[in-house]
1. Name the single residue, out of those in region 36-61 being touching a helix residue (DSSP H, G or I) at 6+ places or on another chain (Cβ under 7 Å) and without any contact (Cβ under 8 Å) to a residue 24 or more places away in the chain, that is farthest from Pro18 (Cα to Cα).
2. Is there any pair with a first residue in region 179-191 that is on the phi < 0 side of the Ramachandran plot and a second that is in a helix (DSSP H, G or I) and aliphatic (A, V, I, L, M) whose Cβ atoms are under 8 Å apart and which are 6 or more apart or on different chains, and what are they?
3. Counting residues that are among the polar types (S, T, N, Q) and at pLDDT 95 or above, which strands (runs of 3 or more DSSP E) fully inside region 110-207 reach at least 1?
4. Determine whether Ser82 is surrounded by 11 or more Cβ atoms within 10 Å (Cβ to Cβ), touching a residue at least 40 places away in the same chain (Cβ under 8 Å), under 30 Å from Pro44 (Cα atoms) and in contact with a Phe, Trp or Tyr (Cβ under 9 Å, 6 or more places away or on another chain).
5. Look at Ser75 and say whether it is of a type in the set (S, T, N, Q) and either farther than 25 Å from Leu199 by Cβ or assigned to a strand (DSSP E or B) (or both).
6. Looking for whichever is of a type in the set (A, V, I, L, M, F, W, C) and within 19 Å of Ala7 (Cβ to Cβ) here; the options are Leu184, Leu197. Which one fits?
7. Restricting to region 26-73, what's the tally of residues that are surrounded by fewer than 13 Cβ atoms within 10 Å (Cβ to Cβ) and among the β-branched types (Val, Ile, Thr)?
Amino acid sequence: MLQLRKASIVILAQAHNPSIISPDWVQKALLIKESPSNFIHTPPFSLFDSASFLLTVDMERLELVSKVLDEEHISACGQTASAYFHMLPRIPYRSLGLNFVWVYSPEPSGKPLPRVKLVIDKLNLNQVFNSRSIKYGGTIRVESKPCILTVQINYEGDQTIVFNYNFNYVTKTARKAANVTKSLLTLKSRSQELTELMLAGGKAGNG
């Protein structure tokens, strides 16, 4: 079974201003109508934790996590990040990352996982390490303008493969970045499609 574990947006900047991230400001400016169950509001670090969203901000990094992983909340997460760019267009932003973590465990339990294979020319790593039992992870980096997609693939125990997606954009203007964040739901679907293709051996339509 393939499941989405996390969807988030990370905004890197030279100078975020955590001191403005009060619960009242988040609810009014960023359109999160929920009251926080936990919040921290200080000059170097702020946190807003509600039923559906987790927002953390320090001087260089903002992360917004959709804690509810249905389409409505993932779309709202993108809209909230877009509102942040519109509210604070003069911050010197550096980059924007739209991130997804997918986990796959075979059904029924105990069925072998698909093997991630590493090929370096004709090198046989089983011979290098003198073992027939080797598990590979890997990093895939794809330049696809206007973003760079990085996919990290790792095993988690014997029954789970984790696919970690990062769609990274250089942030030239706040206006353009605000538009990119609205594509969070679209990129969630794209990351799911890519994961399913890899699990199927690259053959579209193969169950």
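The values are calculated or read from the model by the stated rules, or taken from the named source; none is laboratory data. Here the structure is a predicted model, which is why all the values come from computation and not from measurement. Glycine also receives a Cβ, built like all others from the backbone with ideal geometry; neighbour counts cover every protein chain displayed.
1. Only one residue tops the list, namely Pro36.
2. Short answer, once both residue conditions are applied: Thr181/Ala81; Leu184/Ile74; Leu184/Ala81; Leu185/Ile74; Lys188/Ile74.
3. Because the criterion is at least 1 residues that are among the polar types (S, T, N, Q) and at pLDDT 95 or above, the strands (runs of 3 or more DSSP E) in region 110-207 that meet it are 147-155, 161-170.
4. It is false that Ser82 is surrounded by 11 or more Cβ atoms within 10 Å (Cβ to Cβ), touching a residue at least 40 places away in the same chain (Cβ under 8 Å), under 30 Å from Pro44 (Cα atoms) and in contact with a Phe, Trp or Tyr (Cβ under 9 Å, 6 or more places away or on another chain).
5. Yes.
6. So the residue among Leu184, Leu197 that is of a type in the set (A, V, I, L, M, F, W, C) and within 19 Å of Ala7 (Cβ to Cβ) is Leu184.
7. 1
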